[in-house]
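The values are calculated or read from the model by the stated rules, or taken from the named source; none is laboratory data. Nothing here was measured: the structure is a model prediction, and the numbers come from that model. Positions of Cβ are generated from backbone atoms using ideal geometry, with glycine treated the same way; all protein chains shown enter the neighbour counts. Protein only, heavy atoms only, side chains kept; ligands, DNA and RNA dropped before computing areas. Shrake-Rupley method; radii C 1.70, N 1.55, O 1.52, S 1.80 Å.
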Amino acid sequence: MPGYKEGLFSVQDETAQLITTLLAPFTEGNYLDACAGLGGKTMAMAQMVPAGSTIWAVEPQKARQNLLSENLARLDLHCCDQDRRRGINCFAGTLKEFTKTTKIDFQAILVDAPCSGLGVVGRHPDIRWNRQPDDLPRFQKIQLALLQEASQIIAPGGIIVYTTCSMEATENEEVINMFLENQPRFTISTAQVMPEQASNYLDEQGFLHTRPSEKIQDGFFAVRLTAPAKS
């Protein structure tokens, strides 16, 4: 489409756009996309944070790293290197490796965790043949580890947004409950920072759920967690 290669716009599902808004309020500071993938939410974040902020994108898979770099370059953001000040700071490795090397405390971290993808079968129909029941507990272990790692580098009072493109409680509510058992000083924060029309996707616990329907295509889960304030 005209303008795409020139970086005039990006294509992103409506629900994915809502997830990034959960990181608000966007004030000057340090932001992290802990599971950047192809960079869709990283690019959305870059449009929302004010000047003077820094964004880091962590991605361990080589193929996705290349696509992330291409997508950022298309929007003239680029993956930073030692000679480039403008753009996104990209880390080629796991979040665990990143937490061991960084000295930054982030005010907001997005954990778009690897999952079964059972909420996006409509756009990836092969998922229904590629998933087995024992995949869910395997993903749960990975998801909980990512949250624990993110909690090590979040600033006091900062926000961690956990999200999956799954509708399974094993990957969503159960992960959050286990995390809060280990980190009782974290709290589920209000998600009313999103656009008002999205409030009907929230339940009484503060969890965001979307279901495939006529209005929305994908099934997502998200929750906004607030780190304890500095004592």
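Could you tell me which residue of segment 106-115 is nearest to LEU32 (Cα to Cα), considering only residues that are in a loop (DSSP other than H, G, I, E, B) and open to solvent by less than 30 Å² (accessible area, probe 1.4 Å)? Can you show your working first?
So the first thing to find is which residues in segment 106-115 are in a loop (DSSP other than H, G, I, E, B), and the list is 113-115.
Narrowing the set further to residues that are open to solvent by less than 30 Å² (accessible area, probe 1.4 Å) leaves 113, 115.
Working: ALA113: 13, CYS115: 19 Å.
Ranking the candidates gives ALA113 first.
When the residues of segment 54-63 are filtered to those that are in contact (Cβ under 8 Å) with a residue 12 or more places away in the chain and aliphatic (A, V, I, L, M), which remaining residue is surrounded by the fewest Cβ atoms within 10 Å (Cβ to Cβ)?
ILE55
One residue is enough: does segment 4-24 have a residue meeting the conditions of a type in the set (S, T, N, Q), under 30 Å from LEU202 (Cβ atoms) and part of a strand (DSSP E or B)? First the steps, then the outcome.
Applying the first criterion (of a type in the set (S, T, N, Q)) to segment 4-24 yields 10, 12, 15, 17, 20-21.
Still in the list and also under 30 Å from LEU202 (Cβ atoms): 10, 12, 15, 17, 20-21.
Applying the additional criterion that residues be part of a strand (DSSP E or B) yields none.
Within segment 4-24, none of the residues are of a type in the set (S, T, N, Q), under 30 Å from LEU202 (Cβ atoms) and part of a strand (DSSP E or B).
So which of GLY87, GLY122 ends up being touching a Pro at 6+ places or on another chain (Cβ under 8 Å) and modelled with pLDDT under 95?
Numbers: GLY87 fails: touching a Pro at 6+ places or on another chain (Cβ under 8 Å).
Only one candidate qualifies: GLY122.
As an exercise: evaluate ASN66 against (1) open to solvent by 50 Å² or more (accessible area, probe 1.4 Å); (2) of a type outside the set (Val, Ile, Thr); (3) in a loop (DSSP other than H, G, I, E, B) and give the number of the one condition it does not meet.
(3)
Name the residue, out of GLU59, GLU6, that is modelled with pLDDT under 95 and acidic (Asp, Glu). I'd like the intermediate steps shown before the answer.
Numbers: GLU59 fails: modelled with pLDDT under 95.
Exactly one of GLU59, GLU6 is modelled with pLDDT under 95 and acidic (Asp, Glu), namely GLU6.
Looking only at residues in segment 156-175 that are more than 14 Å from the chain's Cα centre (by Cα) and of a type in the set (A, V, I, L, M, F, W, C), which one is nearest to GLY119 (Cα to Cα)? Lay out the reasoning, then the answer.
Narrowing segment 156-175 to residues more than 14 Å from the chain's Cα centre (by Cα): 156-158, 167-171, 173-175.
With the extra rule that they be of a type in the set (A, V, I, L, M, F, W, C), the set shrinks to 167, 169, 175.
Working: MET167: 6, ALA169: 12, VAL175: 17 Å.
By that ranking, first place goes to MET167.
If you scan segment 27-53, which residues turn out to be of a type outside the set (S, T, N, Q) and open to solvent by 50 Å² or more (accessible area, probe 1.4 Å)?
Step one: filter segment 27-53 for residues of a type outside the set (S, T, N, Q), giving 28-29, 31-41, 43-46, 48-52.
Once the filter is applied, which keeps residues that are of a type outside the set (S, T, N, Q) and open to solvent by 50 Å² or more (accessible area, probe 1.4 Å), segment 27-53 yields GLU28, LEU38, MET48, ALA51, GLY52.
If you go through segment 160-168 one residue at a time, do you hit one that is of a type in the set (Asp, Glu) and under 26 Å from GLN17 (Cα atoms)? First the steps, then the outcome.
Taking segment 160-168 and keeping what is of a type in the set (Asp, Glu), we get 168.
Filter once more, so that each one left must be under 26 Å from GLN17 (Cα atoms): 168.
Yes; the residues of segment 160-168 include at least one that is of a type in the set (Asp, Glu) and under 26 Å from GLN17 (Cα atoms).
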